[in-house]
Amino acid sequence: MDLSQYVGLFIDEARLHLQQCSDSLLVLENSPDNSAVLNEIFRSIHTIKGMAATLVEFPYFEEISQLSHEMESLLDELRNHTIRLNDRIMDLLFACVDGLDLLIGNVSQPEQATPQDLSYLFAHLAECSAQGQSQPSLTGTGEEEDPYWSKDWQHAYTDSESEKILQASKYGKNCFELRIQLAENCQMKSVRTQLILHKLKQNSEVIKTIPELNDLLAGNFQNCFIISLVTPHDNEYIENEVNSVSEVEALRTVNLLGETIYTAQSPPKLESQDPFAMPELNEFELNVLREAKKLGYGAILFGIKLFPNVVLKAARATLIFRSLEKYGEIIKADPPVIELEEERFGNFFSLILVSQHEADEIRSAILEIPEIKDSLEIQALYVADELLAPKTQVNNIIELPRDKTPLTKPMAQSSHSVIDLPTRPPEHFVTEQSPAQTRQAGTRTSPLVRVDAGKLEQLMQLVDELVLCRAEFSHAIRSQNIANMDTHLFSLGSVATALHSLSIQLQMVSVEQVFNRFPRMIRDLSRSLGKEIELTMDGRELEMDRTLIDELGNALMHMIRNAADHGLEKPEERLRRGKPAKGLIALQASYENDVLRVDVRDDGKGIDTDKLRYKAVERGIVSEQSALQMSQEQALRLVFAPGLSTQDTATDISGRGVGMDAVRTQIESLGGEIRIQSTRGQGTTYSIRIPSQMTMLNAFLVSDRGDFFAIGQDQVDTVTEIYTSEIETQAGKEVYYFNGHYIPLVILADFINPQGDQVKALGFEKEDFWMIVIKRGSQRLGILVDELLGQEELVLKPFSNNHDKRRGADMFSGATVLANGEVALLLDTAQIFAQV
């Protein structure tokens, strides 16, 4: 099977999981007892490991699989409370996420890959696991609550332990988990433990202890430990045996055959209304199944329903997994494996298996397992090709129509409902993988884009409408039905407009995708700079053009690093100035019309403009006279001068004078601008403004002196035709009496006038004009043009701020191409108001 095509899918999925891990680690650092967050991290790393394991034939995937496996083991010890989370382990987990990110980066761009020596991570991971039982937080006698007593958690049993419990159930024995707490001042914990074990082993079989037996007998625990056993006695007898030993302060008994403990944060998964539903598959899983189908493998969906009151569901699921893995590879489990292992599901779960064996053969083999055959029912069917089609969204297994050509065959009769099984592709479709199909080290993977499924469905509907409109239009032309032509043209235009609007939406992503990278960065900066930093982020739900993600993200990274290093003071200095010890960096995204605005604000010491002037003169950037004549705003703009920094020494974070210059260059390359405000002792605010890269606008189209212009409909108050005789002059300026007030007038072509540096005086050589009255608040201004062409919905591209330095060029904010091939310039009415 050629798996090279799935490398790009892996990169997309893995980076998503790594971002989730990084976010969850930040939460876990502030609430180390949050088991739900810990489980989320474990599941993400477990998923990365599973995906990487299927691609180990390619470079770097073996390292990804190994590192994620070791990280998963450490996380599992944290979940089982055999290791206590501390700062050292948090740093190690963050470092592992960074290591995985580096490896995935090498996979993404193999031609730029650099060897990564991650041996230090493996060494630290091994050390943490080896020293887990000797951590002071677990073996000390501090006031911290004992996790074996206070936490609601369920430890996982090994296969052999699960089989013992199953056998006990089969032969009518009981299985108990005992949580035993010794007195706080107990001086001989190991002795009391040995006495309890001796009593219990006389008539029962101990199958598990937590901590391990050697540590238990040595007294390497706080005051609580756990014993799981199989016994012919009831719980009252067992409790009396334990309580007969001195210094046993408390005892909790859990019947493993009748009760399951769940974490408070992770309630059991509710059973679906339709248990035999097709599990939701990600693109990686779908493509694996499609490829398997091509190569002649069957993709089989197994629905396993446990009978009511069945105990040890996790153990039974484990046995089913072990049986299925003999026949092929399990691609999907619903609920996920981790939830099955922890019994966080109802009475139903499903599995998708890729195999060359017949479905009924596998089903019969499972039902022959003695420990489970009387506790469940199984239904199986091949996943039909239609369900794996790339453009088909499927929620349930669909029964094929009976009146079509037979594509199914019945399963062996049973007492349960019979489901038709679409026949899998025949054996002769299995082909050898061509060596040429293997992805070479220098092959670049295609970028992947995540799109809202609802928007894709809307896109398909619009395409269907477009095809229908084309058919109707073609029919009208063939039948020479000119009367209906306008109707069809209108319908075609409406669909085209909706398609373009949707295409813009598909290009948008949430601002959160940019902001999400910064909480981790702030955490690292805070530790390296010895500062307390709080990061706030507003406007994350807004959408922005996905092409801006990298450039805007890099610019914001420089600005935040500058704010942390140069702007915020040390905690002791802030306290002396009457500020809180913790400094603030605030990110805020908003929209002003179609312009994205992102503010980066800090409450630090502000910018010393006197020092900026001095440094600029010292570096030869400006003359001394120019520096003295600069306004406050001009002096602040020196921050963006190449090679200028107010820091006397450079650090690995900032201070080399290249960051803010690069920021300005990046923002201007996007057609945007950056502004700065700063107050000494109070802080600094940088404002980035970036116009939409492409937008739809309802606008009035006008022409003047042969040129075409557009004016946004929302900026227009009135459109009317006036006569030259109605124009008056006041204080040397032409005005028009409009709605009870005189408003100023400009002839558009003369006002813009790219040929001269001065605006020409109005010369009224015509008898009439079209007047477009534009508005800004309560202000009104009349623009006179030769002709009003009508109202259109236009597709606009923005201008860069530096696109044209000529007089009047700053009057335009964008342009569009008209149907006749001419270019129309979008007027920036704010600039017109500013210059009149």
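The values are calculated or read from the model by the stated rules, or taken from the named source; none is laboratory data. Keep in mind the model is a prediction, meaning the values are calculated, not measured. Backbone-built Cβ (ideal geometry, glycine too); neighbour counts: all protein chains shown. Quick note on the areas: whole protein, heavy atoms, side chains included, nothing else; ligands and nucleic acids left out. Shrake-Rupley method; radii C 1.70, N 1.55, O 1.52, S 1.80 Å.
Annotations
- Computed over protein heavy atoms with a 1.4 Å probe, the carbon and sulfur contribution to the accessible area of region 176-224 reaches 42%.
- Estimated inter-spin distance, GLU205 and ARG322, nm [label 7 Å along Cα→Cβ]: 1.4
- For a paramagnetic label modelled on LYS611 (point 7 Å from Cα along Cα→Cβ), amide N atoms under 11 Å away belong, within region 527-567, to 566-567.
- Of all accessible heavy-atom area on region 540-644, the percent that carbon and sulfur account for (1.4 Å): 46
- The mean accessible area for residues of region 283-387, using a 1.4 Å probe and ignoring ligands and nucleic acids, is 35 Å² per residue.
- Length-normalised contact order for region 159-255 - Cα pairs under 8 Å, 6+ apart - percent: 44
- Extension gain, LYS766 back to ALA819 (0.36 nm per residue minus Cα-Cα distance, nm): 16.2 nm
- LYS766, LYS173, LYS615, ranked by accessible area, largest first (probe 1.4 Å): LYS173, LYS766, LYS615
- With the simple spin-label model, which puts each label point 7 Å out from Cα in the Cβ direction, the LYS373 to ARG540 separation comes to 5.4 nm.
- The length gained by stretching the chain between GLN682 and ALA36 to full extension, at 0.36 nm per residue less their Cα-Cα distance, is 228.6 nm.
- Cβ-derived FRET efficiency at R0 45 Å, SER778 paired with MET557, nearest 0.05: 0.60
- Distance between modelled label sites at ASP550 and THR253, nm, 7 Å Cα→Cβ extension: 6.5
- Computed on protein heavy atoms with a 1.4 Å probe, the accessible areas place ASP610, ASP360 in the order ASP610, ASP360, largest first.
- Between GLU569 and LYS605, the built amide H atoms are under 5 Å apart, and every one of these is 5 or more places off in sequence or on another chain.
- The figure for ASP76 is an accessible area of roughly 50 square angstrom, using a 1.4 Å probe on the protein chains alone.
- Chain lengthening between GLN629 and ASP750 when straightened (0.36 nm per residue, less Cα-Cα): 40.1 nm
- PHE833-GLN791 FRET efficiency (beta carbon distance; Förster radius 22 Å; 0.05 resolution): 0.50
- Neighbour-limited loop hits for trypsin sites (Lys or Arg not before Pro), region 197-236 (at most 13 other Cβ within 10 Å; DSSP other than H, G, I, E, B): none
- Accessible-area ranking of MET544, MET630, largest first, probe 1.4 Å: MET630, MET544
- Burial order of peptide ranges 57-69, 525-537 (average beta-carbon count within 10 Å, highest first): 57-69, 525-537
- Computed accessible area, ARG780, all protein chains, 1.4 angstrom probe, square angstrom: 70
- Entry note, region 283-387: relative contact order of 42 percent, from Cα contacts under 8 Å with a spacing of 6+ residues.
- Rolling a 1.4 Å probe over the protein chains gives ASP33 an accessible area of about 100 Å².
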